[in-house]
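Only one structure is covered here, and it is reproduced in the block below.
Readers should treat all values here as calculations from the given coordinates under stated rules, not as data from a laboratory. None of the values given here were measured: they were computed from a predicted structure. Neighbour counts run over all protein chains shown; Cβ positions are idealised from the backbone, glycine included.
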């Protein structure tokens with residue numbers, strides 16, 4: 001069976017740098033560009049920069065961007081390309097609160113965060129909990145990539161959102177993801193979840209929306225994750241044996 005590219009061709013007036021790899025689908029690219037164009041953030045944070053594909057969008061539409069990556073490579077390869085980006089290296093859940101405090105010390109407004117870093121269940125949960133436990137003063141839009149991946153989705157669902165009364169809306173399928181029957185061995189990737197935060201509200205009853213839950217479930221039963229996810233307990237052994 002032929003494998004199809006769901007990221008190209010991409011037709012847009014946005015000046016994409018052809019030398020920067022951008023690992024998102026067409027739908028995700030269009031969504032991110034349009035969303036940031038309308039939000040026009042003062043400050044943005046990106047968790048997981050990799051090659052800088054989405055960073056070019058955040059940089060264009062934000063006054064200032066903080067890039068967080070556990071690897072130093074994005075800072076080394078991209079620092080000279082973006083004059084409004086501050087690069088931080090380390091574990092995101094250890095850095096986010098300090099960045100928020102730094103933005104506050106400048107009387108800045110944090111308006112947007114893209115979460116695309118640690119794709120494990122615990123990694124995603126820690127990033128979300130860290131963001132929600134910050135002293136947020138302004139409306140904030142959080143986009144989480146790969147919400148169609150079962151482990152990422154479990155991480156998003158495992159957060160106790162009832163603790164945070166300022167959450168206005170959550171949808172795990174703001175943009176639904178895709179199924180790769182060939183190249184990635186029937187894995188589920190992509191998709192955007194959205195969390196809208198408004199510190200001025202206090203909600204008592206809360207719902208996690210999954211607008212494409214039926215699509216997710218139908219795809220899951222055709223995927224490799226039925227087997228793969230049950231073998232995650234072997235991951236520490238794999239690391240130990242350097243496999």
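Altogether, the Stokes-Einstein calculation at 20 °C and 1.002 mPa s, with the Kirkwood radius of the stretch 73-128 over Cα pairs as Rh, returns a diffusion coefficient of 165 µm²/s.
Rounded to the nearest whole angstrom, the semi-axes of the ellipsoid equivalent to the stretch 31-75, taken from the Cα gyration tensor as √(5λ), stand at 19, 10, 7, largest first.
Treating r as the C-beta distance of residue 137 and residue 84 and R0 as 25 Å, the FRET efficiency rounds to 0.70. When Rg and the Kirkwood Rh are both derived from Cα coordinates, the Rg/Rh ratio for the chain amounts to 0.95.
Figure legend: label point modelled 7 angstrom from the Cα of residue 75 along Cα→Cβ; no residues of the stretch 138-156 have amide N under 18 Å from it. Mean residue ellipticity, 222 nm, helices only, the chain: the sum of -39500 (n - 2.57) across DSSP H runs of n ≥ 4, divided by residue count and rounded to 500, is -9000 deg cm²/dmol.
Taking label points 7 Å from Cα along the Cα-to-Cβ direction, residue 38 and residue 101 give a separation of 3.5 nm. If the Kirkwood radius is taken over C-alpha pairs of the stretch 99-161, then at 25 °C and 0.890 mPa s the Stokes-Einstein diffusion coefficient equals 198 µm²/s. When the Debye formula is applied to the Cα atoms of the stretch 34-159, each taken as the same point scatterer, what base-10 log of I(q)/I(0) results at q = 0.11, 0.15 Å⁻¹? Values returned for q = 0.11, 0.15 Å⁻¹ are -0.33, -0.64. Among 207-213, 97-103, 45-51, 124-130, sorting by the average number of other beta carbon atoms lying within 10 angstrom of each residue, highest first, gives 45-51, 124-130, 97-103, 207-213.
DSSP beta bridges confined to the stretch 26-240 are antiparallel in about 40 percent of cases.
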